[in-house]
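The values are calculated or read from the model by the stated rules, or taken from the named source; none is laboratory data. Only a predicted model underlies this, so the values are computations on that prediction, with no experimental measurement involved. Cβ coordinates were reconstructed from backbone atoms using ideal geometry, including for glycine residues, and neighbour counts include every protein chain displayed.
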Amino acid sequence: MIDLHCHSNISDGALPPREVVKLAHANGCTLLALTDHDHTGGLDEARQEAQALGIRLINGAEVSVSWRKRTIHIVGLNFDDTDTVLQNLLARLRRGRLERFLRMAEKLEKKGLAGACEGALGLVPNREMASRTHLAQWLIEQGHVRNKQQAFKKYLGDGKPACVKHEWAPLEEAVAAILGAGGIAVVAHPIRYGLSATAQRNLFTEFKALGGQAIEVHSSTTDLNDRLNYARLAEQYGFLASAGSDFHRIGDFGSGRLGACPPLPERCRPVWQEFCLQP
């Protein structure tokens with residue numbers, strides 16, 4: 001089984017990198033990419049565990065991008081994780097992420113939710129990756145909301161009281177950095193962005209023109225109809241097809257089963273064929 005999109009506690013996941021690999025292995029995974037948000041700091045630990053268990057680990061990262069006033073994510077796969085340009089970009093994004101977190105926590109505290117900043121930071125193993133997810137976790141633990149979905153709907157989502165607008169990397173910079181490091185650029189979970197047909201066409205056309213190579217045909221908990229639709233779009237635009245659980249933690253309503261993505265539709269050209277032939 002294959003999973004090319006998952007997270008550890010190096011970013012906003014719950015498990016250390018080695019535990020992510022162990023769980024993927026237990027679920028039958030043989031090819032795994034750890035794709036933490038704007039960070040590759042978990043790859044060495046994950047790689048050591050993967051080698052011990054006989055799993056092939058692919059270098060990965062999920063890069064935060066601003067495109068036409070929307071936030072989208074581009075997964076980089078199979079790149080050189082020592083590439084200076086890519087690492088400088090990821091470091092810049094992490095600095096911006098922490099700045100946004102602090103501003104959002106301040107807004108929550110001004111709404112009367114005392115201790116939001118200190119409390120949420122206490123949930124973050126890696127301070128520079130403090131995010132809305134950790135604020136949501138703190139809101140849940142303090143009983144202010146029932147679940148992550150309500151946290152975003154009530155406080156953290158776009159247009160909500162604690163929302164802070166933020167500019168991530170331009171699409172062209174993210175794609176260029178991934179390609180420059182020898183990697184493959186993939187549009188992550190396109191189904192989640194709520195794009196109109198026209199906006200999605202614009203995104204895919206621009207991404208393709210910049211050198212983007214793939215889209216996630218399967219992401220998280222997409223059903224067969226979703227996979228068939230994105231398989232058709234991948235074929236239409238000449239994209240390779242990727243698949244990922246977007247696993248963050250056990251029991252997360254928005255994640256699929258780690259390491260156990262369903263088969264892609266037959267019409268797909270799997271992205272892993274591009275790097276499985278490499279030594």
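A few remarks follow.
- Boolean, residue 255 is hydroxyl-bearing (Ser, Thr, Tyr), modelled with pLDDT under 95 and touching a strand residue (DSSP E or B) at 6+ places or on another chain (Cβ under 8 Å): yes
- Hey, residue 239 closer than 15 Å to residue 65 by Cβ, more than 17 Å from the chain's Cα centre (by Cα) and either aliphatic (A, V, I, L, M) or at pLDDT 95 or above (or both) or not: no
- Residues (in a loop (DSSP other than H, G, I, E, B) and buried (at least 19 other Cβ atoms within 10 Å of the Cβ)) located in segment 5-22: 5, 7, 8, 9, 10, 11, 12, 13, 14, 15
- Some residue of segment 23-32 being surrounded by fewer than 22 Cβ atoms within 10 Å (Cβ to Cβ), part of a loop (DSSP other than H, G, I, E, B), without any contact (Cβ under 8 Å) to a residue 60 or more places away in the chain and over 15 Å from the mean Cα position of the chain (by Cα): yes
- Within segment 137-173, considering residues that are under 19 Å from residue 99 (Cβ atoms) and touching a strand residue (DSSP E or B) at 6+ places or on another chain (Cβ under 6 Å), the one surrounded by the fewest Cβ atoms within 10 Å (Cβ to Cβ): 167
- Hey, residue 46 under 17 Å from residue 74 (Cα atoms) and either surrounded by fewer than 22 Cβ atoms within 10 Å (Cβ to Cβ) or among the hydrophobic types (A, V, I, L, M, F, W, C) (or both) or not: no
- All conditions in (1) without any contact (Cβ under 8 Å) to a residue 60 or more places away in the chain; (2) assigned by TED's automatic domain parsing to the domain that holds residue 192 hold for residue 113, with the sole exception of (2).
- Segment 49-62, residues that are out of contact with any Gly (no Cβ under 9 Å at 6 or more places or on another chain) and surrounded by 19 or more Cβ atoms within 10 Å (Cβ to Cβ): 49, 50, 57, 58
- Within the set 199, 185, 177, 241, the sole residue that is crowded, with 21+ Cβ neighbours inside 10 Å, part of a helix (DSSP H, G or I) and outside the structural domain of residue 146 (by TED's automatic domain parsing) turns out to be 177.
- Members of segment 1-17 that are over 14 Å from residue 59 (Cα atoms) and in contact with a helix residue (DSSP H, G or I) (Cβ under 6 Å, 6 or more places away or on another chain): 11, 12
- Filter result for the condition that a residue is farther than 27 Å from residue 264 by Cβ and either assigned by TED's automatic domain parsing to the domain that holds residue 270 or hydroxyl-bearing (Ser, Thr, Tyr) (or both), over 75, 85, 65: 85
- Pair list, Cβ under 8 Å, 6 or more apart: segment 145-164 residue among the aliphatic types (A, V, I, L, M), other residue in a loop (DSSP other than H, G, I, E, B): 151/144; 151/145; 156/162; 156/163; 162/111
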